[in-house]
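Take a look at the structure set out below.
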Amino acid sequence: MPLEPKNPQEIIQLLKQMEQYNLNNAAPLPLDDDVKGKWSGIGFRMGSYHFVIAMGFVIEVMKFPPVSQVPGSKKWVRGIANVRGNLLPVFDLQSFLNNAVTQIKRETRVLFIAKDELNAGLIVDEVYGMKYFDQMNFKPDLGYDAQWKGYYQGGYTLEGENWIVFNIQHLIENQDFLNVAN
C-alpha cells in the first residue's frame, strides 16, 4: 500500500526519497564524444530507395492533405494545401526526380520543409522517423544512381539497409524545381 503523507514534513521527506531513488537509478547521459560523432535525419522512402534528410530542413511530417490543383503548373506540382491557415505548395518529389508519380496510400506522407523564404511540402512514399548514424560510417559513393540527378550526398548503412543522404539544399536551389509553371 502506498505511503500517504499526513503533514508537510512527511511530503518533503517522501520527495527527497523519490529524488534519491531517481538519482541512484537514472540511466547515464551519453558522453560528449558519443553525441559529436552522430548524424541524424528524417528517414523516408521513395520507391524502393531509403533516404534521410537533415533535420534542420524539416518543419513537420504530415499525412497527405487535401490539395487544390494549380492550373498551368508542371505535373509534379500536386497543388496547394491549406495547413493551419497557411498555403503550402505540395510537390511530388519522385515525379520531379524521375517522372514516376507517387501513388497516394495510407502510409504516404508530406515532408514540410523550410529554408529561407521557401516553404514546400514534398510527397514521399513513407516516413520512418528519426535515424541516427555514426559519422565514421559515412560512404560518399553510396546511392550513386543517374536518376537522382545529384540529389544525393553519399549515405550510411544501418542494420543492413542503405540510407542515402538526400541533398535538399541542391533541390531548393535548383531552378528546374523552383520553376513550377509549364
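So is residue 177 in contact with a helix residue (DSSP H, G or I) (Cβ under 9 Å, 6 or more places away or on another chain) and surrounded by 19 or more Cβ atoms within 10 Å (Cβ to Cβ) or not?
When the stated conditions are applied, residue 177 passes them.
Answer yes or no as to whether residue 123 is among the aliphatic types (A, V, I, L, M), under 18 Å from residue 42 (Cα atoms) and in contact with a Gly (Cβ under 9 Å, 6 or more places away or on another chain).
In short, no.
Would you call residue 167 out of contact with any Leu (no Cβ under 7 Å at 6 or more places or on another chain), without any contact (Cβ under 8 Å) to a residue 24 or more places away in the chain, surrounded by 15 or more Cβ atoms within 10 Å (Cβ to Cβ) and within 16 Å of residue 46 (Cα to Cα)?
Here the answer is yes, as residue 167 does meet what is asked.
Considering only segment 11-46, state which residues are at pLDDT 80 or above and within 19 Å of residue 156 (Cβ to Cβ).
Within segment 11-46, 37, 38, 39, 40, 41, 42, 43, 44, 45, 46 meet the criteria.
Looking only at segment 126-168, count every residue that is among the polar types (S, T, N, Q) and at pLDDT below 90 and tell me the total.
2
Residue under question is residue 4, and the condition is that it be charged (D, E, K, R), modelled with pLDDT under 75 and not in a helix (DSSP H, G or I); does it hold?
So residue 4 passes the test.
The values are calculated or read from the model by the stated rules, or taken from the named source; none is laboratory data. None of these values were measured; they are calculated from a predicted model. Glycine also receives a Cβ, built like all others from the backbone with ideal geometry; neighbour counts cover every protein chain displayed.
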